[in-house]
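Asks: Have a look at the structure that comes next, please.
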Amino acid sequence: MPDGKPQGPWSCQWVIYLIDPSTLDKFSFPTNTTGGHIAVGDISDRIKNMRRFRGEHVYPVITLSDAFMNTRFGGRQRPHFEVKRWVKLDGERGEVEALPPPPQQTTALSLSEVKEPSLKEEMADEIPFNDPTPDLGKAESPKVAAPPLPNARRNLKKPPVKTGAKKPAPKRRPPNILDAG
């Protein structure tokens, strides 16, 4: 009860499951705050997007940081998962094989780095004029248009001429009969 109001025994939570690639320790990040929900949603969306282009076995290597979040009270910091790089874990079709006992020395997993998809891959579109060195062939350079000729409509848009005469004084309303006392 951080705000002093009673709460029920259940609350909606969002969880991210994490693993340390060097020690294989498991961690979880449970949260029921709005800022935590935003952080979990952001990293979840980025993982889904990356897996759509690079395959199902792509995982982010992240660090926990913070980001500013606007609130109706001015704002505050919220959790944020910063992606350092993307890696692809070895294995085919998600099958897990029994591993031999680990050797006495600690060894790092064999992780191959994966690059983020390009804009061309995301949009599934080729725009030829975005090529830095386009082949224009023998195209002529565009001609500069001549300035517009004056016409009657343009002549009508002249600003009004100011005169030295003063504006007439506004007319006064006759006094109300009821106000005369």
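The values are calculated or read from the model by the stated rules, or taken from the named source; none is laboratory data. The structure presented is a predicted model; accordingly, all values stated were derived computationally and were not measured. Here the Cβ positions follow ideal geometry from the backbone for every residue, glycine too, while neighbour counts run over all protein chains shown.
Asks: Among the residues of the stretch 3-11, is there at least one that is loosely packed, with under 11 Cβ neighbours inside 10 Å, more than 19 Å from residue 115 (Cα to Cα) and touching a residue at least 60 places away in the same chain (Cβ under 8 Å)?
Replies: no
Asks: If you don't mind, another one. Are any residues in the stretch 1-58 assigned to a strand (DSSP E or B) and either of a type in the set (A, V, I, L, M) or in contact with a Leu (Cβ under 6 Å, 6 or more places away or on another chain) (or both), and if so, which ones?
Replies: 15, 16, 18, 19, 27, 58
Asks: Continuing with this model, one more query. Determine the pairs where a residue that is touching a residue at least 24 places away in the same chain (Cβ under 8 Å) and aliphatic (A, V, I, L, M), located within the stretch 46-65, has a partner that is part of a helix (DSSP H, G or I) and surrounded by fewer than 16 Cβ atoms within 10 Å (Cβ to Cβ) with Cβ atoms under 9 Å apart, the partner being 6 or more residues away or on another chain.
Replies: Once the first residue is touching a residue at least 24 places away in the same chain (Cβ under 8 Å) and aliphatic (A, V, I, L, M) and sits in the stretch 46-65, its partners that are part of a helix (DSSP H, G or I) and surrounded by fewer than 16 Cβ atoms within 10 Å (Cβ to Cβ) give 58/51.
Asks: Enumerate the pairs (first residue in the stretch 105-128 and modelled with pLDDT of 70 or more; second residue anywhere and in a loop (DSSP other than H, G, I, E, B) and exposed (fewer than 10 other Cβ atoms within 10 Å of the Cβ)) with beta-carbon separation below 6 Å, excluding pairs fewer than 6 apart on the same chain, so at least 6 apart or on different chains.
Replies: From the stretch 105-128, no pairs qualify.
Asks: Regarding residue 70, is this residue of a type in the set (S, T, N, Q), at pLDDT 90 or above and under 24 Å from residue 123 (Cβ atoms)?
Replies: In short, no.
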